[in-house]
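S.K.: Let me give you the structure first, and then I'll get to my questions.
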Ligand code: NDP
Ligand code: MG
């Protein structure tokens with residue numbers, strides 16, 4: 001019998017929450033997957049440990065000083081992994097012809113350039129970094145199509161939707177526009193589920209006093225700090241709305257957000273015959289990661305089987321756009337177009353960082369984003385990576401000024 005080819009993987013953001021979950025899945029399938037390159041920003045201790053275990057061909061520290069440290073430590077231990085740094089290092093391990101699959105799990109706008117490069121290189125791209133798509137939606141999807149890349153959604157909601165779509169929807173098919181496929185397959189709406197985050201039941205006064213420690217304590221998911229705060233403001237759901245809009249080529253008015261506190265249904269698709277298809281499972285990112293790695297096959301993800309008797313009850317409610325204005329701002333940003341999504345994303349990153357440093361309060365996050373959107377010129381061109389990065393810098397400058405004058 002022919003042995004399947006071993007997939008060579010570059011894991012961007014290996015030291016993060018998605019990075020850890022990805023390595024946990026890969027470790028169960030050494031006959032299918034090999035780690036070619038691992039990357040991090042400054043966390044030398046973690047990447048050193050990972051290099052000891054995985055012995056990848058390359059390790060990239062985005063930060064140069066950290067790269068030098070890692071290189072010295074690996075030499076002392078006689079580990080042959082070559083250490084690279086900066087954007088050049090990231091691009092090298094993404095574009096390397098030996099690599100079949102790139103897992104894009106860097107957090108924030110910092111992940112855009114490498115994720116886009118993976119699409120341009122025609123790789124199988126496992127996209128966790130939703131900010132990349134929020135910033136560069138059209139350019140990213142065009143790049144995927146033009147280079148015949150395979151774009152697999154890792155975000156649990158988008159992965160769930162992908163699983164509920166008809167087989168005729170392939171995320172890399174260059175000739176089929178989803179709008180045609182949608183009409184043919186009778187798809188009516190996408191329902192994005194949201195846990196509601198740790199502050200789902202908080203009053204406006206309680207939200208005002210919410211602390212970083214409370215915000216990063218998510219009821220169902222164990223994630224990095226930035227996305228945990230985004231979940232608390234519902235910005236995460238807003239970014240996912242924009243992500244779904246681009247990934248599935250769906251009219252924004254046909255995408256609904258449904259608050260579902262149990263996080264057991266990961267999202268749904270409704271069809272014109274009244275059918276609603278849902279994907280269920282325990283809230284564990286190893287499921288969408290394993291699906292995205294193995295599709296169209298299925299592999300064990302190490303996830304506990306779902307016990308519906310333990311879950312017992314599934315609840316649903318409408319999101320409250322008054323208490324959680326970030327979600328409203330995301331709907332608006334899509335409708336505004338231009339560089340509004342880039343500005344929103346950049347302002348959010350700056351505001352979340354300031355909140356985590358206790359420079360601003362929880363409810364200031366939405367206020368700062370709205371003020372940045374008001375001040376910025378949203379008509380700027382977003383047709384190229386350079387223009388997108390320019391808009392990102394412009395927005396960060398505005399938000400930082402607003403914070404200084406707070
Ligand atoms: P973490 O904060 O846990 O990890 C982020 C990773 O990115 C780390 O490896 C970090 O390295 C690296 N990194 C940070 N800044 C830079 C930079 N400037 N240049 C290069 N690398 C950098 O994040 P998560 O794993 O939680 O999230 C990663 C992405 O996946 C985000 O876009 C998030 O929205 C998305 N996602 C996450 C989910 C989750 O469950 N966690 C679910 C769905 C989507 P270092 O350790 O050195 O700082
Ligand atoms: Mg998600």
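S.K.: Could you check how many residues of segment 33-63 are more than 13 Å from residue 14 (Cβ to Cβ) and in contact (Cβ under 8 Å) with a residue 60 or more places away in the chain?
M.R.: Matching residues across segment 33-63 total 1.
S.K.: Which of the residues that make up segment 121-160 are surrounded by fewer than 20 Cβ atoms within 10 Å (Cβ to Cβ) and within 29 Å of residue 47 (Cα to Cα)?
M.R.: Selection gives 121, 122, 150.
S.K.: Would a scan of segment 305-325 turn up a residue that is surrounded by 23 or more Cβ atoms within 10 Å (Cβ to Cβ) and modelled with pLDDT of 95 or more?
M.R.: yes
S.K.: Can you tell me which condition residue 6 does not meet? The list is (1) out of contact with any helix residue (DSSP H, G or I) (no Cβ under 7 Å at 6 or more places or on another chain); (2) within 16 Å of ligand 2 (Cβ to nearest atom), and all the others hold.
M.R.: Answer for residue 6: the failing condition is (2).
S.K.: Among the residues of segment 89-117 satisfying the criterion of being more than 20 Å from residue 63 (Cβ to Cβ) and free of Cβ contacts under 8 Å to residues at least 60 places away in the same chain, which is surrounded by the most Cβ atoms within 10 Å (Cβ to Cβ)?
M.R.: The extreme case among them is 95.
S.K.: On to the next question. Which strands (runs of 3 or more DSSP E) sit wholly inside segment 206-301 and have at least 2 residues that are within 16 Å of ligand 1 (Cβ to nearest atom) and surrounded by fewer than 15 Cβ atoms within 10 Å (Cβ to Cβ)?
M.R.: none
S.K.: Checking residue 257 against (1) without any contact (Cβ under 8 Å) to a residue 12 or more places away in the chain; (2) touching a helix residue (DSSP H, G or I) at 6+ places or on another chain (Cβ under 6 Å), which test does it fail?
M.R.: Looking at each condition in turn, residue 257 falls short on (1).
S.K.: Could you check segment 108-175 for helices (runs of 4 or more DSSP H) lying wholly inside it with 2 or more residues that are within 16 Å of ligand 2 (Cβ to nearest atom) and more than 17 Å from residue 7 (Cβ to Cβ)?
M.R.: Qualifying helices (runs of 4 or more DSSP H): 130-146, 156-164.
S.K.: Is there a residue being surrounded by fewer than 18 Cβ atoms within 10 Å (Cβ to Cβ), closer than 22 Å to residue 110 by Cβ and in contact with a helix residue (DSSP H, G or I) (Cβ under 7 Å, 6 or more places away or on another chain) anywhere in segment 387-395?
M.R.: Among the residues of segment 387-395, not one is surrounded by fewer than 18 Cβ atoms within 10 Å (Cβ to Cβ), closer than 22 Å to residue 110 by Cβ and in contact with a helix residue (DSSP H, G or I) (Cβ under 7 Å, 6 or more places away or on another chain), which makes the answer no.
S.K.: Test residue 48 against the stated conditions and say whether it is crowded, with 17+ Cβ neighbours inside 10 Å and over 24 Å from the mean Cα position of the chain (by Cα).
M.R.: In short, yes.
S.K.: A further question follows. From the list 99, 83, exactly one residue is away from ligand 2 (no atom under 16 Å from the Cβ), part of a strand (DSSP E or B), farther than 29 Å from residue 341 by Cα and at pLDDT 95 or above. Which is it?
M.R.: Exactly one residue qualifies, and that residue is 83.
S.K.: Among (1) within 14 Å of ligand 1 (Cβ to nearest atom); (2) part of a helix (DSSP H, G or I); (3) under 25 Å from residue 227 (Cβ atoms), which single condition is residue 59 missing?
M.R.: Unmet condition: (2).
The values are calculated or read from the model by the stated rules, or taken from the named source; none is laboratory data. Owing to the predicted nature of the structure, the values given are computational and were not obtained by experimental measurement. Every residue, glycine as well, gets a Cβ built from its backbone with ideal geometry; the counts of neighbours run over all protein chains shown.
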